[in-house]
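A short write-up of the structure that comes next.
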Amino acid sequence: MARILIVDDALIMRKMIGKIVEEAGHIIVGEAKNGEEAVAMYEKNLPDIVTMDITMPEMDGIEALAHIMSYDTKAKVIMVSALGQQHKVMEALDHGAKGYILKPIAGEKILSVINQVMG
């Protein structure tokens, strides 16, 4: 069981990911709609896992990832990306992301990546 922070500017994506991970026994410690909220919630809640959308307003997922990794070098961030954003996924992995999931999200895929990242 992991404590998870879900970050996505789309409410429907946050709810879909939340439903998948809660049904698998994980706990949602927060939801953020942009990178600025994600950084603040990470520092407040210290989740085990963060699912981080790459493309968001105000502060994108890669910038938020960089802030989180500078705060906690052991942070476990999984990037969520649309098809066609492979270069952004590679940039995120270079900045310390532990894995990624491509949209559209399949329940078994997100749980597989979470389990892999948790070890």
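Here are some notes:
- Under the simplified labelling scheme, the Arg3-Met59 pair shows an inter-label distance of 2.0 nm, with each label point 7 Å from Cα along Cα→Cβ.
- Sites matching trypsin sites (Lys or Arg not before Pro) across segment 1-101 that sit in DSSP coil, with at most 10 neighbouring C-beta atoms within 10 Å: Lys74
- Accessible surface for the chain, divided over its residues, is 50 Å² per residue with a 1.4 Å probe.
- Residue-averaged 222 nm ellipticity for the chain, from DSSP H runs of 4+ at -39500 (n - 2.57), nearest 500: -14500 deg cm²/dmol
- Exposure ranking of Ser81, Ser112, Ser70 by accessible area [1.4 Å probe, largest first]: Ser70, Ser112, Ser81
- Within the listed set Leu65, Leu83, Leu102, the Gaussian network model of the chain (springs between alpha-carbon atoms below 10 Å) gives the highest mean-square fluctuation for Leu83.
- Of Gly30, Gly61, Gly107, the one that fluctuates the most in a GNM where the chain has Cα springs shorter than 10 Å: Gly107
- Placing R0 at 25 angstrom, the Cβ-Cβ distance between Leu11 and Ser112 gives a FRET efficiency of 0.55 after rounding to 0.05.
- Surface/4 of the Cα convex hull for segment 10-119, nm²: 6.1 nm²
The values are calculated or read from the model by the stated rules, or taken from the named source; none is laboratory data. All values derive from a computational prediction rather than experimental measurement. When we count neighbours, we look across all protein chains shown, and the Cβ atoms used for this are built from the backbone with ideal geometry, even at glycine. Accessible surface areas use protein heavy atoms only, side chains included; no ligands, DNA or RNA. Shrake-Rupley method; radii C 1.70, N 1.55, O 1.52, S 1.80 Å.
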